Amino acid sequence: MINFPVSDWMPDAKIPSGPIQDKWSKYKLESKLINPNNKRKYTVLVVGSGLAGASAAATLAELGYNVKCFCYQDSPRRAHSIAAQGGINAAKNYQNDGDSVYRLFYDTVKGGDFRAREANVYRLAEVSSNIIDQCVAQGVPFGREYGGLLDNRSFGGAQLKRTFYARGQTGQQLLLGAYQALEKEVAKGHIEMFSRHEMMDLVLVDGEAKGIVTRNLVTGEIKSYAGDTVLLCTGGYGNVFFLSTNAMGCNVTAAYKAYKRGAFFANPCFTQIHPTCIPVKGDYQSKLTLMSESLRNSGRIWVPKSRETAEKIRKKEIKPSDVPEEERDYYLERKYPSFGNLAPRDISRAAKEACDDGRGVAVTGKGVFLDFADEIKRMGREWIDGQYGNLFDMYEEITDDDPHETPMMIYPASHYTMGGLWVDYNLMSNVKGLHVLGEANFSDHGANRLGASALMQGLSDGYFVIPATLPAYLTTTKPGAVTTAAPEFKAAEDEVKERINKLLNVKGTKTVDSFHRELGLIMWEDCGMARTEESLTHAIERIPQLRKEFWENVRVTGTADGINAELEKACRVADFLEFAQLLCYDALNRQESCGAHFRVEYQLPDGEAKRNDDEYAYVAAWEYTGVDSLPVLHKEPLTFENVHLAIRSYK
């Protein structure tokens, strides 16, 4: 066991006083404001153009701020938010089934296994209804009932219907709404858009975030941009596992550079494994495909009760339909009768348990069935296609199996990350002037995010929270006081150029992808769905060795001038090779099981997670001290005044 250095100091989370239901209203009532004519004097740098970034940039520009928005994609429409499928939660209670702001708040805190900050979660639940109104006004085509009213579906971790959806394309439709709001402000001249620009470093002046260094991915130019504040909206770090549901370009670089500049990284070990993904087919597969959690509304998850039957299915000697009902194990319905197939995502380890028992049905042994036969018989094929048509088409295109006729095969895969840069109630990190939104921060989901809550958080932070909290910092600064003439910008640019030249000059024999794949295998085997002190210790020993080999033997072809996809990947993988060690440190330090963080040594007799509230009811915020040095642990205690700590049960 490693003894990590621990600091007694922790930044103030700036949580307003008073009853939880009044905190956000009180905050807005008492917060500082900026005169409309003065807002145009401030420049806001927004890094990322997904749901959090696009909504923040559009809203702030509409309020009058000068906004510069950066994304590495060729268009904001290609941000990974577009890949979200199932829906977005909101406490509208349109179904009259007992929903409320408090119930959404409670479900989210409980779903996160009591490792989230109460005040932030309640604000998220409170703002959720406004998001739906905003998106409907933009023309987002949410699913509707026959009479024209907005429809809802269920998602994991809830016993009611609160999820608004657009078939299996909800993220795409929400992003198009945010994108059109963004482009409206671009056309007005209030936003300057920089596509194909990747953030390479954060620039601090007198300890405050005042700019970024970017690389133009088309020309290769390294250039600095100054602003009065920086908003990181750069998503999560799930690609540290190599195989994940994330787009190939998703990375940790922006957040990790901020961490190396002094921003605390909170709870990095809280990584979510999504239960419904198309299983791995071979050793050289480069990514995995998500099948929306919403499918669990209609599909039943099962494996054969016997290993012999499972083996016959794997060898294609029998079809799934040949297995009699009494020989099927609907294990989620058996283990969690109250929630059944809609148990939360961290319960996905139940699929691993079934496959480890030799009852997996994919050729590799890593797969279970998601069967729609009962729902098709009950509701009809036309209704199923109206709900999930594009998902069924996608599955058939990839696997050549029709889910109408044969069950889907699914298996858990790396998907979302609850950890992220530490932020206070204002969404500002411990580095003044650096605000962090959406998946890039840690604040709302604890140790496990409920399905359909990622879109809710991204749009909540962008449309409603940051416009109200940003003045708290900006009113303490003089607009335009810092320019790129400050020596800190030149120093940061030189560091970026030096790192790029170092990568290009290694001239080794192994590809970037080979290192990334090897890192991903270490992370999945040693720090994936199940973790132990032994496996984490092995990963912590192996990662520095792989990192050393990377810097001695990686081959990055091409030059720094112009388009170079290999160089882009090399820069990102270099950061993953450092960040992965921090993730494992955090997992080793947290000697409990909670949410998606499952330590095999800490489980109840029935195999459920065993939390240790006496010692680990805190946010673990890590401070960088050097690549080869142990990070310093800062602890933000979590207090629960509105939700009582209890053993989380979905039985």
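In the stretch 509-533, the residues that are more than 21 Å from residue 248 (Cβ to Cβ) reach residues that are charged (D, E, K, R) and part of a helix (DSSP H, G or I) with C-beta atoms within less than 8 angstrom, at least six apart or across chains, in these pairs: 526/542; 529/349; 529/352; 530/349; 530/352. Among residues of the stretch 71-102 being open to solvent by 20 Å² or more (accessible area, probe 1.4 Å) and either of a type in the set (Ser, Thr, Tyr) or in contact with an Asp or Glu (Cβ under 8 Å, 6 or more places away or on another chain) (or both), the one that is nearest to residue 288 (Cα to Cα) is 81. Would it be correct to say that residue 545 is open to solvent by 20 Å² or more (accessible area, probe 1.4 Å) and either closer than 28 Å to residue 332 by Cβ or in a loop (DSSP other than H, G, I, E, B) (or both)? When the stated conditions are applied, residue 545 does not pass them. Under 7 Å between Cβ atoms, which residue pairs at least 6 apart in sequence (or on different chains) link something in the stretch 275-290 that is closer than 15 Å to residue 399 by Cβ with a partner that is acidic (Asp, Glu)? Hits for this filter: 276/293.
Among the residues making up the stretch 215-228, those that are surrounded by fewer than 24 Cβ atoms within 10 Å (Cβ to Cβ) and part of a strand (DSSP E or B) are 216, 222, 223, 224, 225, 226. In the stretch 595-643, the qualifying residues are those that are surrounded by fewer than 19 Cβ atoms within 10 Å (Cβ to Cβ) and of a type in the set (Gly, Ala, Ser), and the one that is modelled with the lowest pLDDT is 607.
What helices (runs of 4 or more DSSP H) completely inside the stretch 314-414 contain at least 3 residues that are under 20 Å from residue 530 (Cα atoms) and not acidic (Asp, Glu)?
Helices (runs of 4 or more DSSP H) meeting the threshold: 331-335, 349-354.
Could you count how many residues in the stretch 326-354 are among the charged types (D, E, K, R) and crowded, with 17+ Cβ neighbours inside 10 Å? Number satisfying all stated conditions: 7. Condition first: over 29 Å from residue 38 (Cβ atoms), more than 12 Å from the chain's Cα centre (by Cα) and not polar (S, T, N, Q). Now tell me which residues in the stretch 219-239 satisfy that. Listed by number, the residues that qualify are 220, 221, 222. I want to confirm something. Restricting to the stretch 426-440 and keeping residues that are open to solvent by 10 Å² or more (accessible area, probe 1.4 Å) and among the polar types (S, T, N, Q), which single residue is nearest to residue 237 (Cα to Cα)? Here the residue is 430. The set of residues in the stretch 388-407 being without any contact (Cβ under 8 Å) to a residue 40 or more places away in the chain and over 26 Å from the mean Cα position of the chain (by Cα) consists of 396, 397, 400, 401, 402, 403, 404, 405. Scan the stretch 54-68 and give yes if some residue there is in contact (Cβ under 8 Å) with a residue 40 or more places away in the chain, under 19 Å from residue 443 (Cα atoms) and open to solvent by less than 10 Å² (accessible area, probe 1.4 Å), otherwise no. Taking every residue of the stretch 54-68 in turn, at least one turns out to be in contact (Cβ under 8 Å) with a residue 40 or more places away in the chain, under 19 Å from residue 443 (Cα atoms) and open to solvent by less than 10 Å² (accessible area, probe 1.4 Å). The set of residues in the stretch 305-325 that are within 13 Å of residue 409 (Cβ to Cβ) and open to solvent by 90 Å² or more (accessible area, probe 1.4 Å) comprises 316, 319. Once the stretch 583-594 is narrowed to residues that are in contact (Cβ under 8 Å) with a residue 40 or more places away in the chain and surrounded by 21 or more Cβ atoms within 10 Å (Cβ to Cβ), the residue that is farthest from residue 254 (Cα to Cα) is 594. I want to confirm something. Restricting to the stretch 559-568 and keeping residues that are surrounded by fewer than 21 Cβ atoms within 10 Å (Cβ to Cβ), of a type outside the set (S, T, N, Q) and in contact (Cβ under 8 Å) with a residue 12 or more places away in the chain, which single residue is nearest to residue 623 (Cα to Cα)? The selected residue is 568.
Looking only at the stretch 1-36, residues that are open to solvent by 40 Å² or more (accessible area, probe 1.4 Å) and either of a type in the set (D, E, K, R) or touching a residue at least 12 places away in the same chain (Cβ under 8 Å) (or both) come to 17 in all.
Residue pairs whose Cβ atoms lie under 6 Å apart, sitting 6 or more positions apart in sequence or on different chains, and linking a residue in the stretch 314-333 that is charged (D, E, K, R) to a partner that is open to solvent by 60 Å² or more (accessible area, probe 1.4 Å), are 314/363; 327/305; 329/305.
The values are calculated or read from the model by the stated rules, or taken from the named source; none is laboratory data. Remember, predicted model here, so these are calculated numbers, not experimental data. Every residue, glycine among them, receives a Cβ derived from its backbone with ideal geometry; neighbour counts consider all protein chains shown. SASA here: full protein model, heavy atoms, side chains in, ligands and nucleic acids out. Shrake-Rupley method; radii C 1.70, N 1.55, O 1.52, S 1.80 Å.
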